[in-house]
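Notes to accompany the following structure.
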Amino acid sequence: YVFDYETPKTLVIPNIRVGCVFRFTQLLVVLYVVYVCVVQKAYQDTDSVISTVTTKVKGFAFTNTSDIGPHLWDVAEYVIPPQGDHSFFVLTNMVVTPEQTQSRCPELPNPSTTCVDDCDCIEGHSDPRGNIQTGLCENYSTTVKTCEVLSWCPHEVDTKLPRALMSAAENFTVLIKNSITYPKFRNILPHINSSYLKMCEFNRTSDPDCPIFRLKHIVAEAGEDFQDMAGGILGILIDWSCDLDWWAKKCFPKYSFRRLDNKHPVNNVAPGYNFFAKYYKKPDGEETRMLIKAFGIRFNVIVFGTCVWYLQGGKFAIVPTIVNLGAALSFLSLLPAVADWFMLTCMKKRDLYSKQK
């Protein structure tokens with residue numbers, strides 16, 4: 001029987017019910033193939049994409065307070081760090097303690113630093129702020145005595161936080177330079193030149209591709225008020241969902257904005273950036289500093305896709321195309337078995353059909 005050849009017998013069934021079942025199952029397979037190959041793009045090959053982001057903020061702000069007097073703030077002072085990568089912090093409010101020196105002074109009043117006489121203060125003991133007590137009890141005010149400490153004096157007092165001290169910060173602009181690379185396919189670079197950047201500003205309707213954003217517009221699109229955002233965190237989301245079957249010039253990012261932190265005042269723990277200081281030396285060589293407790297808005301630039309810093313891009317490839325078409329043809333080859341099952345199980349003439357088969 002090794003060299004025998006067998007050929008299947010074809011049986012034509014002129015029955016509407018059997019024909020409808022067969023054509024209906026064929027239609028289901030065709031629709032599945034269209035969905036997988038066209039909608040799900042099963043003909044494409046995918047590759048992980050690497051994204052690079054740099055930010056550059058521009059703007060000036062002027063303040064006039066009793067602590068430091070008239071002061072013009074530039075990028076090096078109100079943006080921390082001055083030039084960021086995937087995030088940057090813009091100073092909006094602050095508590096300034098000028099001309100601090102390393103000396104001795106009464107500690108701020110609290111249950112562990114208040115005293116009646118020198119016996120209540122332990123020399124060499126650290127207070128909650130980490131300052132070293134000298135063992136003396138000094139007058140903090142006319143009614144309160146506290147332990148003297150060796151520290152940066154005078155101490156920072158933040159009982160009254162200024163609101164929107166640097167209100168001009170809402171008109172600052174940030175340039176986000178973002179490029180992505182498909183290692184398997186090609187580099188995707190922003191189609192933007194320097195002359196265009198000099199005249200553009202992001203607008204959802206009129207100029208959605210410009211990478212220059214005004215901070216107040218970012219906050220507004222996130223549904224927040226700039227003046228109330230001190231200590232908040234905003235996400236600038238960049239979506240690189242590109243179809244490389246077309247020209248790479250059609251690959252543009254889509255921008256969206258969202259608040260990332262908990263804005264509830266009760267659950268918002270330790271808002272603000274942190275302390276930073278500027279150090280100076282007097283003519284006599286004594287070191288002084290201006291301590292600044294910064295409050296403001298932190299902006300995180302997130303390029304998202306399959307994970308935080310990667311996304312998926314597709315391009316036509318012959319191997320996945322052949323694999324998926326082969327799978328579709330194998331489904332089509334199973335359709336006669338479905339029609340035979342219906343014919344031999346559900347039809348009145350199933351015995352006749354079975355004898356012929």
* Could you please find all residues in segment 22-62 being touching a strand residue (DSSP E or B) at 6+ places or on another chain (Cβ under 8 Å) and at pLDDT 75 or above? => SER51, THR52, VAL53, THR54, THR55, LYS56, VAL57, LYS58, GLY59, PHE60, ALA61, PHE62
* Structure fact -> Checked segment 110-135 for anything part of a loop (DSSP other than H, G, I, E, B) and open to solvent by less than 60 Å² (accessible area, probe 1.4 Å); matches are ASN110, THR113, CYS115, CYS121, GLY124, ASP127, GLY130, ASN131
* How many residues, within segment 299-316, are at pLDDT below 85 and surrounded by 14 or more Cβ atoms within 10 Å (Cβ to Cβ)? -> 10
* Across segment 143-169, what is the number of residues that are open to solvent by 60 Å² or more (accessible area, probe 1.4 Å) and modelled with pLDDT of 85 or more? -> 4
* When segment 198-241 is examined, which residues are found to be open to solvent by less than 40 Å² (accessible area, probe 1.4 Å), part of a helix (DSSP H, G or I) and modelled with pLDDT under 85? -> PHE226
* Asked: What number of residues within segment 1-19 are surrounded by 12 or more Cβ atoms within 10 Å (Cβ to Cβ) and outside any loop (DSSP other than H, G, I, E, B)?
  -> 3
* **Options THR63, THR92, THR101: the member that is over 18 Å from LEU215 (Cβ atoms) and of a type in the set (Ser, Thr, Tyr)** => THR101
* To do: Taking the options ILE132, ILE68, name whichever one is β-branched (Val, Ile, Thr) and not assigned by the TED database to the domain that holds VAL303.
  => ILE132
* Structure fact -> Across (1) open to solvent by 10 Å² or more (accessible area, probe 1.4 Å); (2) without any contact (Cβ under 8 Å) to a residue 24 or more places away in the chain, THR65 clears everything bar (2)
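The values are calculated or read from the model by the stated rules, or taken from the named source; none is laboratory data. All of these numbers come straight from a predicted model, not from anything done at the bench. In this analysis, Cβ positions are derived from the backbone assuming ideal geometry, glycine residues included, and neighbour counts consider all displayed protein chains. Accessible surface is based on the protein model in full, side chains and every heavy atom, while ligands, DNA and RNA are left aside. Shrake-Rupley method; radii C 1.70, N 1.55, O 1.52, S 1.80 Å.
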